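The values are calculated or read from the model by the stated rules, or taken from the named source; none is laboratory data. These figures come from a predicted structure and were not determined experimentally. Every residue, glycine as well, gets a Cβ built from its backbone with ideal geometry; the counts of neighbours run over all protein chains shown. What goes into the accessible areas is simple: the full protein's heavy atoms, side chains included, and nothing from ligands, DNA or RNA. Shrake-Rupley method; radii C 1.70, N 1.55, O 1.52, S 1.80 Å.
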Amino acid sequence: MVLCHPFGEEKLWSHRVYVNFARRAAELGMAVLRFDFRGHGDSAGHSEDYGAECYLEDIHTAVAQLRLDCPTLESIDLLGLRFGAALASQYAARHDGIRHLMLWEPIVSGEKYMQELLRINLSTQLAVYGKVRDNREKLVEKLAAGEPANVDGYLISHDFYDQCGKIDLLTSAKSRLSGKALVVQIAPNIKQKDRPEFVQLSEHFTSSDFLKVEEPAFWREIKPYTSTTTTLVPETLSWLEQHNGS
């Protein structure tokens with residue numbers, strides 16, 4: 001299994017959950033690889049130098065490395081959170097050899113996600129300057145002119161904005177999965193309504209399951225800091241073990 005982390009600060013806050021998930025999966029006998037996309041964590045480069053296509057290349061490199069480390073593997077599973085889930089889904093649509101795809105709270109629309117990132121920049125401007133100096137239109141103009149935009153300390157380029165904005169999991173090519181997909185909605189309250197885009201996404205795959213779990217939004221800066229989950233990790237592993245032969 002290869003784990004694809006989310007973008008920027010969301011990677012930081014979800015890191016411990018990823019580590020604990022990887023350890024639990026390894027204890028069950030699975031070969032698990034965590035890696036950092038370029039411009040993140042211990043990987044080289046700066047975030048403003050890369051777009052979605054580069055990150056898809058990184059997943060390909062990670063998959064190849066896992067196959068090299070474990071040459072007896074017949075297939076590989078992908079798991080991703082938020083933007084990492086969107087990238088994992090895009091990768092599975094382009095490449096054979098992926099068995100199961102596990103998508104935690106996936107970014108379904110890249111365009112909406114890019115607007116979300118720009119809102120973070122606007123909020124930072126308000127906190128720092130007491131006003132918005134550059135609105136969204138101005139930020140996009142600057143991106144097009146080659147000036148990166150700051151999102152919680154991570155710089156994004158126009159390539160990132162453009163490539164990510166074109167991602168739409170509901171209209172993308174069908175996945176080449178040999179097994180099943182799992183789409184997971186992470187809700188603060190289990191009574192929360194099913195997110196329509198997640199239900200639609202689960203129906204987009206040839207074979208998939210939709211699961212809703214009650215967990216805090218651990219990919220954000222919340223109190224208390226979430227180091228593990230009570231339902232998400234065990235439910236995902238249970239689903240994986242259930243379909244391990246498929």
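Here E48 fulfils each of the conditions (1) more than 25 Å from F21 (Cβ to Cβ); (2) open to solvent by less than 50 Å² (accessible area, probe 1.4 Å); (3) touching a Pro at 6+ places or on another chain (Cβ under 6 Å) apart from (2). Of all positions in segment 135-152, at least one carries a residue that is within 24 Å of L232 (Cβ to Cβ) and either of a type outside the set (G, A, S) or touching a residue at least 12 places away in the same chain (Cβ under 8 Å) (or both). Quick one: is D152 open to solvent by 60 Å² or more (accessible area, probe 1.4 Å), in contact with a helix residue (DSSP H, G or I) (Cβ under 8 Å, 6 or more places away or on another chain) and closer than 26 Å to E57 by Cα? Answer is yes for this residue. When T61 is tested against (1) modelled with pLDDT of 95 or more; (2) surrounded by fewer than 21 Cβ atoms within 10 Å (Cβ to Cβ); (3) within 19 Å of L201 (Cα to Cα), just one condition goes unmet, and that condition is (3).
Does E27 satisfy being out of contact with any helix residue (DSSP H, G or I) (no Cβ under 8 Å at 6 or more places or on another chain) and surrounded by fewer than 22 Cβ atoms within 10 Å (Cβ to Cβ)? Considered against the rule, which asks whether it is out of contact with any helix residue (DSSP H, G or I) (no Cβ under 8 Å at 6 or more places or on another chain) and surrounded by fewer than 22 Cβ atoms within 10 Å (Cβ to Cβ), E27 comes out as yes.
State whether the residues of segment 74-87 include one that is free of Cβ contacts under 8 Å to residues at least 60 places away in the same chain and on the phi < 0 side of the Ramachandran plot. Within segment 74-87, one or more residues are free of Cβ contacts under 8 Å to residues at least 60 places away in the same chain and on the phi < 0 side of the Ramachandran plot.
Among the residues of segment 236-246, not one is within 18 Å of the chain's Cα centre (by Cα) and either free of Cβ contacts under 8 Å to residues at least 40 places away in the same chain or open to solvent by 80 Å² or more (accessible area, probe 1.4 Å) (or both).
When each of F37, F7, F21 is tested for being open to solvent by less than 30 Å² (accessible area, probe 1.4 Å), within 19 Å of S227 (Cα to Cα) and assigned to a loop (DSSP other than H, G, I, E, B), the lone residue that passes is F7. Within segment 118-149, the residues that satisfy the criterion of being of a type outside the set (G, A, S) and either open to solvent by less than 50 Å² (accessible area, probe 1.4 Å) or touching a Ser or Thr at 6+ places or on another chain (Cβ under 7 Å) (or both) are L118, I120, N121, L122, Q125, D134, L139, V140, L143, P148. One residue stands out in segment 179-228 among those that are among the hydroxyl-bearing types (S, T, Y) and part of a loop (DSSP other than H, G, I, E, B): the one that is surrounded by the most Cβ atoms within 10 Å (Cβ to Cβ), namely T226.
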